[in-house]
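The values are calculated or read from the model by the stated rules, or taken from the named source; none is laboratory data. Note that the coordinates shown come from a computational prediction; the quantities given were computed from them, not determined experimentally. No Cβ is skipped: glycine too gets one built from the backbone with ideal geometry, and neighbour counts run over all protein chains shown.
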Amino acid sequence: MKWSTVRMGWRNLGRNRKRTLLAVGAIALGQFTLVFVNSLMAGFFLDALETVTGPMVGHVQMYHADWREERAVDLYLDNLAERRAALAAIPELEKASPRIYTAVLAASGERTDEPADADPGFIVGVDVSLEQQRGGLLERLDDTQIPGSGEVALGRVLATRLGVTEGQLLAIIGQDVDGFPVDDLFMVKAVIDSNVDLVRSMGIVMPIADAGELLMMPDHAHELIIHGQDFREADTLRAAIADTMDLDGMAALTWREAAPEIVRFIDMKDWFDFIFLSIVFVAAAAGIANTAMMSTFERRHEFGMLLAVGARPRRVVGMVLVESVILGLIGVVVGSVVGATVVWITSHTGINYAALGGSDVEAFAYGDYSIPLFIYPRFELRHIVYGLVAVSGTSVVASLWPAALAARLEPMEAMRT
């Protein structure tokens, strides 16, 4: 294609500036919608995924083969220290957090004239140092609130039901791995909120050494919650674990297998990408087709003269196509710049999605998890690329008919109109 054809296509956009601006505005609005809304959805779904894979599910879970179905206290992994040492040798592994779980009865341990009412609770024995890290169950606590030996962090809902506050005693009654009754008193070091419903409503989070001593589970754990460097590489991490140790009698599931209901929820993002990409297609097609058609009819005389002096029909087709592609690209650039700027700003300030709808709810429940509604958009370059490819293709398709009409004009007839 000759450079003169490109220059003529660019010059022709200025003939009717109002129409050109309207077309550019429609395409830019569609591209802005694609970039901003998909970045908003990317932030929302990534936060949801971190909520799931962070504190409770991890990237890979390891446990006794029958634990997932029965949840019995005596279905545990033994030789915990040896297993953790073997896992630490895996380059892809970031941390392996052991957990002890069991249902108990909990009541206020303070001396009162009346017997305290007991409520169902759920012990979660953890490696406190690991749970303080990002994505851990105790991430939100400062160093003064972290439970030590003889101390627990109590879920806010359970604390409210029991009337227990920080600094007070909590009585726990349960059964050890052999079925014998056990009980003990612990000081409530902190009352915690959590994105995990079980922890928030019934959780009694304590050091794993205390849980192991109470339940007669030395060097044991019910689960190992394993995190790698990237949740997308969970299958690779599981394969590395299988190569490192014998998994006979154990199960090792990736987060997709352990939480399939969340996977279905996360996969909805692909539909959002498709919907908003369709908006860009429609905006580009409508704006470009209208502009190209009107421009073609207004310039019949000019096209007739070009054909009469020897211009080939493909030169006329090239002019119309180039004009449409330039129009589309300008719209994409404007929409991408505005969209990326808004995403950059809101990625730092966040967006209270619930407040936009007039609600004061901070999260919504999905399964056993609370997904936060304060969203930080995540910019993804592929959204700009999608829009660029979509508009470029749409520009060509939408202008083919006007270009064909211009190329098939009879020179003498066109020059008379």
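Scanning region 250-266 for residues that are more than 17 Å from the chain's Cα centre (by Cα) and over 17 Å from Arg232 (Cβ atoms) turns up Met250, Ala251, Ala252. Suppose the filter is out of contact with any Pro (no Cβ under 7 Å at 6 or more places or on another chain) and at pLDDT 75 or above; does Val35 pass it? For Val35, the condition - out of contact with any Pro (no Cβ under 7 Å at 6 or more places or on another chain) and at pLDDT 75 or above - is met. Within region 26-69, which residues are more than 30 Å from Ala240 (Cβ to Cβ) and over 24 Å from the mean Cα position of the chain (by Cα)? Answer for region 26-69, where residues must be more than 30 Å from Ala240 (Cβ to Cβ) and over 24 Å from the mean Cα position of the chain (by Cα): Ala26, Ile27, Ala28, Leu29. If you go through region 68-83 and keep only what is in contact with a strand residue (DSSP E or B) (Cβ under 8 Å, 6 or more places away or on another chain) and farther than 16 Å from Met216 by Cβ, you end up with Arg68, Arg71, Arg83. Scanning region 320-356 for residues that are within 15 Å of Ile27 (Cα to Cα) and modelled with pLDDT under 85 turns up Glu323, Ser324, Val325, Ile326, Leu327, Gly328, Leu329, Ile330, Gly331, Val332. Working only within region 128-138, note down all residues that are more than 15 Å from Glu151 (Cβ to Cβ) and either more than 21 Å from the chain's Cα centre (by Cα) or not assigned by TED's automatic domain parsing to the domain that holds Ala209 (or both). Of everything in region 128-138, just one residue is more than 15 Å from Glu151 (Cβ to Cβ) and either more than 21 Å from the chain's Cα centre (by Cα) or not assigned by TED's automatic domain parsing to the domain that holds Ala209 (or both), namely Leu130. Residues that are touching an Asp or Glu at 6+ places or on another chain (Cβ under 6 Å) and over 23 Å from Leu162 (Cα atoms) within region 209-222 comprise Met216, His220, listed in sequence order. Could you list all residues from region 181-201 that are of a type outside the set (D, E, K, R), closer than 16 Å to Glu166 by Cα and touching a helix residue (DSSP H, G or I) at 6+ places or on another chain (Cβ under 6 Å)? Residues satisfying the conditions are Ala190, Val191. Of the candidates Ala106, Ala72, the single residue that is of a type outside the set (Asp, Glu) and without any contact (Cβ under 8 Å) to a residue 40 or more places away in the chain is Ala72. None of Ala42, Ala48, Ala23 is buried (at least 24 other Cβ atoms within 10 Å of the Cβ), in the same structural domain as Val325 (by TED's automatic domain parsing) and aliphatic (A, V, I, L, M) except Ala23. Within region 122-161, track down each residue that is over 18 Å from Glu223 (Cβ atoms) and buried (at least 22 other Cβ atoms within 10 Å of the Cβ). Answer for region 122-161, where residues must be over 18 Å from Glu223 (Cβ atoms) and buried (at least 22 other Cβ atoms within 10 Å of the Cβ): Pro147, Val152, Ala153, Leu154, Gly155, Leu158, Ala159.
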